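J.: There's a structure below that I have some questions on.
Nothing in this text is a laboratory measurement; each read-out follows from the coordinates by a stated rule. Because the structure is predicted, anything quoted here is derived from the model rather than measured. Cβ sites come from the backbone with ideal geometry, for glycine too, and all protein chains shown count toward neighbours.
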Amino acid sequence: MIDTNEIKNKIESMNKHHQLEILRILKNDTNIVLNENNNGVFINISYLNPSTLENLTKYIDYVDNQTDNIETIENKKSIIETTFFKGNKDNKDNNYI
């Protein structure tokens, strides 16, 4: 399990969509006080119960895993694109299938 500072840093670095999902996870915990102002929603992470921390950690791991998978797929796509499509339009003898 990651520590609360690391959780805070990862949540702050996420885009708005993922931060809203984090907020949904936090709303499920009835013991959490959410403080909202013009700058956003604030909570005291040190008061989170262990199950909520575990849910946050699972979601953060899920987002990190998905980001890595997307990056890998995009890299493979780029390699395929440059190998098979760029510069090979005029060469009809290239049968790679």
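J.: Give the aspartates and glutamates reachable from Lys8 as a straight Cα distance under 19 Å; neighbours fewer than 8 places away on the same chain don't count.
T.: Glu21, Asp29, Glu36, Glu54, Asp61, Asp64
J.: (1) 17.5, 50; (2) 16.8, 61; (3) 21.2, 68: which one is Rg and Dmax of the Cα atoms in Å as calculated from this entry?
T.: Recomputing Rg and Dmax of the Cα atoms in Å here gives the entry labelled (3).
J.: Using a simple charge model, +1 on the beta-carbon of Lys and Arg, -1 on the beta-carbon of Asp and Glu, nothing else, what dipole does the chain show about its Cα centre, in debye to the nearest 20?
T.: 320 debye
J.: Mind listing the phi-derived Karplus ³J(HN,Hα) values for segment 80-85, rounded to whole Hz, using 6.51, -1.76 and 1.60 with θ = phi - 60°, and x for any glycine or proline?
T.: Values, residue by residue: 5, 4, 6, 6, 9, 10 Hz.
J.: Can you work out ³J(HN,Hα) from phi for every residue in segment 6-17, in order, using Karplus 6.51 cos²θ - 1.76 cosθ + 1.60 and θ = phi - 60°, giving whole Hz and x for Gly and Pro?
T.: Listing the rounded values in order: 5, 4, 4, 5, 5, 5, 5, 8, 6, 6, 4, 4 Hz.
J.: Name the longest site-free stretch of the chain, where the excluded sites are chymotrypsin sites (Phe, Trp or Tyr not before Pro) in a DSSP loop with no more than 13 other beta-carbon atoms within 10 Å.
T.: It runs 1-84.
J.: Over the chain, what is the mean sequence separation of C-alpha contacts under 8 Å (at least six apart), divided by residue count, expressed as relative contact order in percent?
T.: Taking the mean separation of contacting Cα pairs over the length of the chain, I get 26 percent.
J.: Which whole-Hz ³J(HN,Hα) couplings does segment 59-65 yield from phi under the Karplus relation 6.51 cos²θ - 1.76 cosθ + 1.60, θ = phi - 60°, glycine and proline marked x?
T.: These are the phi-based 3J(HN,Hα) values: 5, 4, 4, 4, 5, 4, 5 Hz.
J.: While we're here: Let me have the 222 nm mean residue ellipticity of the chain computed from DSSP H runs of 4+ only, each contributing -39500 (n - 2.57), with the sum over all residues rounded to the nearest 500.
T.: Only helices count here, giving -20000 deg cm²/dmol.
J.: When a/c reaches 1.5 or more, the comparison of a/b and b/c decides; with that in mind, is segment 17-57 rounded, prolate or oblate per its Cα gyration tensor?
T.: Oblate.
J.: Let me ask another. What is the set of long-range amide H partners of Val41 at a cut-off below 5 Å, with H atoms built 1.01 Å from backbone N?
T.: Under 5 Å from the amide H of Val41: no residue qualifies.
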